[in-house]
1. Whether any residue in segment 41-52 is over 22 Å from residue 2 (Cβ atoms), without any contact (Cβ under 8 Å) to a residue 12 or more places away in the chain and assigned to a loop (DSSP other than H, G, I, E, B) is what I want to check.
2. Take segment 50-75 and flag every residue that is at pLDDT below 95 and surrounded by 14 or more Cβ atoms within 10 Å (Cβ to Cβ).
3. Collect the residues in segment 98-124 that are exposed (fewer than 11 other Cβ atoms within 10 Å of the Cβ) and within 18 Å of residue 7 (Cβ to Cβ), keeping them in residue-number order.
4. Among (1) surrounded by 18 or more Cβ atoms within 10 Å (Cβ to Cβ); (2) in contact with a helix residue (DSSP H, G or I) (Cβ under 6 Å, 6 or more places away or on another chain); (3) closer than 27 Å to residue 2 by Cβ, which single condition is residue 139 missing?
5. Please go through segment 1-31 and pick out each residue that is assigned to a loop (DSSP other than H, G, I, E, B) and farther than 18 Å from residue 129 by Cβ.
6. Kindly provide the set of residues from segment 58-91 that are touching a helix residue (DSSP H, G or I) at 6+ places or on another chain (Cβ under 9 Å), closer than 24 Å to residue 3 by Cβ and free of Cβ contacts under 8 Å to residues at least 40 places away in the same chain, ordered by number.
7. If you check every pair at least six apart or on different chains, which have Cβ atoms under 8 Å apart with a residue in segment 109-137 that is at positive phi first and a residue that is surrounded by 12 or more Cβ atoms within 10 Å (Cβ to Cβ) second?
8. In segment 30-40, which residue that is within 21 Å of residue 75 (Cβ to Cβ) and touching a residue at least 60 places away in the same chain (Cβ under 8 Å) is farthest from the chain's Cα centre (by Cα)?
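The values are calculated or read from the model by the stated rules, or taken from the named source; none is laboratory data. A quick note: this is a predicted structure, and the numbers were derived from the prediction, not measured. Cβ: placed from backbone, ideal geometry, glycine included. Neighbour counts: every protein chain shown.
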């Protein structure tokens with residue numbers, strides 16, 4: 001199956017916590033960074049998620065926010081440090097490719113105004129931010 005989702009990050013489940021209707025699943029990416037997914041408990045059971053299992057974390061590029069500077073004191077669980085490898089400016093939107101330490105690329109679709117305000121360019125150090133509810137998981 002091919003998907004339109006740009007961000008398909010391979011990783012390994014490090015923990016699963018179920019609580020009523022929802023579960024949180026922590027996944028360690030190849031570069032050692034962790035990403036948390038909040039999914040329904042039913043999906044967790046259907047996928048048979050367990051510690052040590054290989055998964056793919058899926059994130060739409062429109063759900064990736066980009067920050068420069070400190071990102072403390074916020075509820076967003078997924079904060080992945082990286083470096084802008086390229087940026088493509090359109091009239092209204094910009095596509096930002098962020099190189100993670102693992103070598104994986106994370107794509108963010110942000111407004112052109114935001115990219116300009118952040119003064120983003122190739123080599124800029126950034127933090128990609130993704131709410132855990134916006135991370136889907138896939139298994140083979």
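1. Checked segment 41-52: no residue is over 22 Å from residue 2 (Cβ atoms), without any contact (Cβ under 8 Å) to a residue 12 or more places away in the chain and assigned to a loop (DSSP other than H, G, I, E, B).
2. 71
3. 103, the sole residue that qualifies.
4. (1)
5. Those that are assigned to a loop (DSSP other than H, G, I, E, B) and farther than 18 Å from residue 129 by Cβ: 1, 2, 3, 4, 20, 21, 30.
6. 87, 90
7. Close Cβ pairs satisfying both conditions: 119/68; 123/83; 123/84.
8. 39
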